[in-house]
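A short write-up of the structure that comes next.
Read-outs: derived from the displayed coordinates by stated rules, not from any lab. As the structure is a computational prediction, the values presented were derived from the model and not from experiment. Because the Cβ atoms are built from the backbone with ideal geometry, glycine has one as well, and the counts that use them run over all protein chains shown.
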Amino acid sequence: MHSRRIAAYGGVVNGMPWFATFAMLFFMANAGLPGTSGFVGEFMVILSAFQRNPWIALGAATTLIIGAAYTLWLYKRIFFGEVANSHVAELKDINGREWLVLGVFAIGVLALGI
């Protein structure tokens, strides 16, 4: 692909559904979705901040919401929509070795979220 422009990646889910599935899990962990590894840390930060000063906790929660909204926007722009680039149409889904590695990471993300 060799592009840093988000607009160049539209429609990746059409050619790489398994990669898009794993990416969704990792993006949601980044956003702090309950049940993923990202939630534990974000919850502890907000809880600790609330015990110290509720206004700080409100600010932290607000930034987490903005970060989650950006993460969803980024996922939508990269994986959904029309295929924006001829290179995206040529992308192949992950192979067995990549599936194994991403599967191990996914198990880790889910296990740390429990």
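Computed quantities for the displayed model
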| item | result |
| --- | --- |
| Calculated FRET efficiency for the pair residue 45/residue 92, C-beta based, R₀ 35 Å, to 0.05 | 0.35 |
| More than 14 angstrom apart: percent of Cα pairs within the range 1-52 | 66 percent |
| Degrees separating the helix 17-31 axis from the principal Cα axis of the chain, which is the longest one | 20 degrees |
| Shape category assigned to the chain from the gyration tensor of Cα positions, a/c cut at 1.5 | oblate |
| Residue order, fewest to most beta carbons within 10 Å, for 44, 28, 16 | 44, 16, 28 |
| Under 19 Å from the residue 24 label point (7 Å along Cα→beta-carbon), backbone N, the range 57-84 | 68-83 |
| Note, ³J(HN,Hα) from phi for the range 77-89, Karplus 6.51, -1.76, 1.60, rounded to Hz, x at Gly and Pro | 5, 7, 9, 10, x, 6, 5, 9, 8, 5, 5, 5, 5 |
| On Cα atoms only, tilt of 37-52 relative to the major axis of the chain in degrees | 20 degrees |
